[in-house]
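Remarks on the structure that follows.
Every read-out reported here was derived from the displayed coordinates using simple, explicitly stated rules and does not represent laboratory data. What you see is a predicted model; the values in this text were computed from it and never measured. Quick reminder, even Gly has a Cβ in these numbers, built from the backbone with ideal geometry, and neighbours come from all protein chains shown.
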Amino acid sequence: MLKLTDIEKVYQTKTIETVALNRVNLTVSKGEFVSIMGPSGCGKSTLLSIMGLLDEPTSGHIEIDGRPVTSYSDRELAHLRNQKIGFVFQSYHLIHDLSVIDNVELPLLYRSGVSGKERRQRAHAALDKVGLSARTNHFPNQLSGGQRQRVAIARALAGNPEIILADEPTGNLDSVMGEEIMDILLGLNRREGTTIVMVTHDEQQALKTERVVRFFDGSQVS
Ligand SMILES: Nc1ncnc2c1ncn2[C@@H]1O[C@H](COP(=O)(O)OP(=O)(O)OP(=O)(O)O)[C@@H](O)[C@H]1O
Ligand SMILES: [Mg+2]
C-alpha cells in the first residue's frame, strides 16, 4: 500500500544542516498496524509527514498502491491526501474558533459530493466512536488534553481513510486515557481493516501492534 525506498530528508537552515532521515526503507501493507519508536529528534514526525504526502523527501522514492507518487497528478495527490489518508498530529492542530463538531467536519468540506447533512452525520458518527458525543458543541479550549486528542482522532476518522498516520496519539495522556485511545485504534484496525502507522514512546502500546519499527538518528535500526 505504502512503500518508501531510500528516503532521505535533510533540513537546511542558515547555520546547520540536519539529516532527519537517512536512507529509510519501509513498506506498509494494507491492513497492517505498525508502530514507530525512537528517541526525540530521530525523525519520526518527519517520516510520518513524508508518508502522508505533507512534506517531500530530499531524495528517495514513495509508492502508493504500487504507483510512484511522482506519477500522480496534483489533483490525484490532493485526492489521496484528502480521502485516503487520515492524519492525527502530535499537537492536535484543532481550530480554536470552531466547535468540536465543526472541527471534525472540516476535512469533509473540501470534498466534492458530500452534502452538509452527510458531513454532520459522519462527524457525529466519528465523535461517537471516540466517546465524545456529549461534547460536540464545546470549543477546544473547553476540553481536556485527552478529549482534544480524541477530537483529532475523530477528525481523521470522519473521512473514512484507508490509512491513519498518528503521531504520538497518546503522548499527552495518562495511561488510562492512553489505553482508551489505543483500544479505539486497535478496533479500527481489526474491525474495519484500517491501515495504521503510529508513532509512540510507549513500549507497552507498541507491543500491541503487529510490527515495531525502531529508529535512531534518522536511520532504521530494526
Ligand atoms: N522544519 C525544520 N527545520 C529544520 N530542522 C528540522 C525541521 N523539522 C525537524 N527538524 C529536525 O529534524 C530532526 C527530526 O525531527 P522530528 O520532528 O522528525 O523528530 P521526532 O522523532 O518526531 O521527535 P519527537 O519525538 O521529539 O517528536 C530533529 O533534529 C529536528 O530538529
Ligand atoms: Mg515528533
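Check region 31-44 and report whether any residue there is in contact with a His (Cβ under 8 Å, 6 or more places away or on another chain) and within 16 Å of ligand 2 (Cβ to nearest atom). I'd like the intermediate steps shown before the answer.
So the first thing to find is which residues in region 31-44 are in contact with a His (Cβ under 8 Å, 6 or more places away or on another chain), and the list is 37.
Now restrict to residues that are within 16 Å of ligand 2 (Cβ to nearest atom): 37.
Within region 31-44, one or more residues are in contact with a His (Cβ under 8 Å, 6 or more places away or on another chain) and within 16 Å of ligand 2 (Cβ to nearest atom).
Would you check if MET182 is within 16 Å of ligand 2 (Cβ to nearest atom), farther than 16 Å from LEU127 by Cβ, out of contact with any Gly (no Cβ under 9 Å at 6 or more places or on another chain) and not in a loop (DSSP other than H, G, I, E, B)? Break it down into steps so the answer makes sense when it comes.
Values: within 16 Å of ligand 2 (Cβ to nearest atom): no; farther than 16 Å from LEU127 by Cβ: yes; out of contact with any Gly (no Cβ under 9 Å at 6 or more places or on another chain): yes; not in a loop (DSSP other than H, G, I, E, B): yes.
Criteria not met by MET182.
For region 72-108, give me the residue count where each residue is among the hydrophobic types (A, V, I, L, M, F, W, C), surrounded by fewer than 20 Cβ atoms within 10 Å (Cβ to Cβ) and in contact (Cβ under 8 Å) with a residue 60 or more places away in the chain. Walk me through how you get there before you give the answer.
Within region 72-108, the subset among the hydrophobic types (A, V, I, L, M, F, W, C) is 77-78, 80, 85, 87-89, 94-95, 98, 100-101, 104, 106, 108.
Those left that are additionally surrounded by fewer than 20 Cβ atoms within 10 Å (Cβ to Cβ): 77-78, 80, 95, 98, 106.
Filter once more, so that each one left must be in contact (Cβ under 8 Å) with a residue 60 or more places away in the chain: none.
Residues that pass the stated criteria total 0.
Could you grab me the full set of residues in region 23-45 that are among the polar types (S, T, N, Q), in contact (Cβ under 8 Å) with a residue 60 or more places away in the chain and more than 11 Å from ligand 1 (Cβ to nearest atom)?
We begin by selecting, within region 23-45, every residue among the polar types (S, T, N, Q); these are 25, 27, 29, 35, 40, 45.
If we keep only those that are in contact (Cβ under 8 Å) with a residue 60 or more places away in the chain too, we end up with 25, 29, 35, 45.
Correct list: ASN25, SER29, SER35.
Among ARG111, ARG119, ARG191, which is the only one that is outside any loop (DSSP other than H, G, I, E, B) and either loosely packed, with under 15 Cβ neighbours inside 10 Å or under 13 Å from the mean Cα position of the chain (by Cα) (or both)? Outline the logic, then answer.
Numbers: ARG111 fails: outside any loop (DSSP other than H, G, I, E, B); ARG119 fails: either loosely packed, with under 15 Cβ neighbours inside 10 Å or under 13 Å from the mean Cα position of the chain (by Cα) (or both).
Sole residue among the options that is outside any loop (DSSP other than H, G, I, E, B) and either loosely packed, with under 15 Cβ neighbours inside 10 Å or under 13 Å from the mean Cα position of the chain (by Cα) (or both): ARG191.
Would region 203-217 turn up any residue that is on the phi < 0 side of the Ramachandran plot, more than 16 Å from ligand 1 (Cβ to nearest atom), out of contact with any His (no Cβ under 7 Å at 6 or more places or on another chain) and in a helix (DSSP H, G or I)? It would help to see each step written out before you state the result.
Within region 203-217, the subset on the phi < 0 side of the Ramachandran plot is 203-216.
Adding the requirement that they be more than 16 Å from ligand 1 (Cβ to nearest atom) leaves 204, 207-211.
After this cut, where a residue has to be out of contact with any His (no Cβ under 7 Å at 6 or more places or on another chain) as well, the list is 204, 207-211.
Next cut, in a helix (DSSP H, G or I) only: 204, 207.
Yes, because at least one residue in region 203-217 is on the phi < 0 side of the Ramachandran plot, more than 16 Å from ligand 1 (Cβ to nearest atom), out of contact with any His (no Cβ under 7 Å at 6 or more places or on another chain) and in a helix (DSSP H, G or I).
Of all residues in region 37-71, count the ones that are aliphatic (A, V, I, L, M), buried (at least 17 other Cβ atoms within 10 Å of the Cβ) and part of a loop (DSSP other than H, G, I, E, B).
Number satisfying all stated conditions: 1.
Would you check if ILE164 is aliphatic (A, V, I, L, M), outside any loop (DSSP other than H, G, I, E, B), in contact with a helix residue (DSSP H, G or I) (Cβ under 6 Å, 6 or more places away or on another chain) and within 27 Å of SER99 (Cβ to Cβ)? Give the steps one after another, and end with the answer.
Working: aliphatic (A, V, I, L, M): yes; outside any loop (DSSP other than H, G, I, E, B): yes; in contact with a helix residue (DSSP H, G or I) (Cβ under 6 Å, 6 or more places away or on another chain): yes; within 27 Å of SER99 (Cβ to Cβ): yes.
Criteria met by ILE164.
Across region 1-22, which residue is nearest to GLU63 (Cα to Cα) among those that are part of a loop (DSSP other than H, G, I, E, B) and either within 15 Å of ligand 1 (Cβ to nearest atom) or in contact with a Phe, Trp or Tyr (Cβ under 7 Å, 6 or more places away or on another chain) (or both)?
Residues of region 1-22 part of a loop (DSSP other than H, G, I, E, B): 1, 13-16.
Right, trim to either within 15 Å of ligand 1 (Cβ to nearest atom) or in contact with a Phe, Trp or Tyr (Cβ under 7 Å, 6 or more places away or on another chain) (or both) and you get 13-16.
On the way: THR13: 29, LYS14: 32, THR15: 33, ILE16: 30 Å.
Going through the qualifying residues, I end up with THR13.
Could you list all residues from region 130-146 that are within 19 Å of LEU185 (Cβ to Cβ) and β-branched (Val, Ile, Thr)?
The answer is VAL130, and nothing else.
Pick from region 154-177 the residues that are touching a residue at least 12 places away in the same chain (Cβ under 8 Å) and more than 16 Å from the chain's Cα centre (by Cα): which of them is surrounded by the most Cβ atoms within 10 Å (Cβ to Cβ)?
First, pick out the residues of region 154-177 that are touching a residue at least 12 places away in the same chain (Cβ under 8 Å): 154-174, 177.
Among the residues that remain, those that are also more than 16 Å from the chain's Cα centre (by Cα) are: 173-174, 177.
On the way: LEU173: 22, ASP174: 10, MET177: 17.
Step by step, filter region 154-177, then rank; the result is LEU173.
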